[in-house]
Structures are given as structure tokens and as C-alpha cells.
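Have a look at the structure below before the remarks.
Computed from the coordinates by the stated procedures, all read-outs in this text should not be read as laboratory data. Predicted model only: the values in this text are computed from it and were never measured.
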Amino acid sequence: MTAAMAGSVLFAALPAATATAAPAAGQQNVAARAGSIRVNIPQLRQQSADLKAKANRLDRDGAHAEAKRARAEAAAIDRRIQAYLDAEENM
């Protein structure tokens, strides 16, 4: 067996996660069935906070139905964040 062939066999035996670069700052790697998913948790949290602030403004302006929709969207983002974090803990 040649050195090149042994190297390729070794590389093929490595898990896919070792062949990829480290995630950017603020991102979490979450396992998926076919590989991994990069999720920017701080960005999702900021989106949720922005939606909650928008809902508060809408409530003050009397647009209660729109405020309710914004809060529901923020809650959905919060649930996604928690699901990503739970999935990472269970890896």
C-alpha cells in the first residue's frame, strides 16, 4: 500500500465534522440527520427582541391584531432557538 493510498483511506475514515472549518463566532452547530446546520443564535435572539419591541409599539398605537401576530412570530423564533439548543445538548 502506498503512502498516498493510506492517506486517502485515513481521510475517508474521518467523520465529516472533522473535515469542516470551525463555525464563525456566535454560531452554533446543530446536528442533523444528513450533517450539520449552522445556526446564528444571537441573530435569532435579536430578531425575536425586535419583534417583541415592534409588538409593544403596535399595542401603544392601538394595532392590537398586528401586535398579536408579531408576538406570535417572536414566540415561534424563541421555540426554534430552544429546539436548536436542546438538539445540541442531546448530541
A chain fully extended from Glu73 to Ser36 at 0.36 nm per residue, minus the present Cα-Cα distance, gains in nm 10.8 nm
Could you run the Karplus curve 6.51 cos²θ - 1.76 cosθ + 1.60 with θ = phi - 60° over the stretch 71-88 and give me ³J(HN,Hα) per residue in whole Hz, x for Gly and Pro?
-> 5, 5, 5, 5, 5, 5, 5, 4, 5, 4, 4, 5, 5, 4, 5, 5, 5, 5
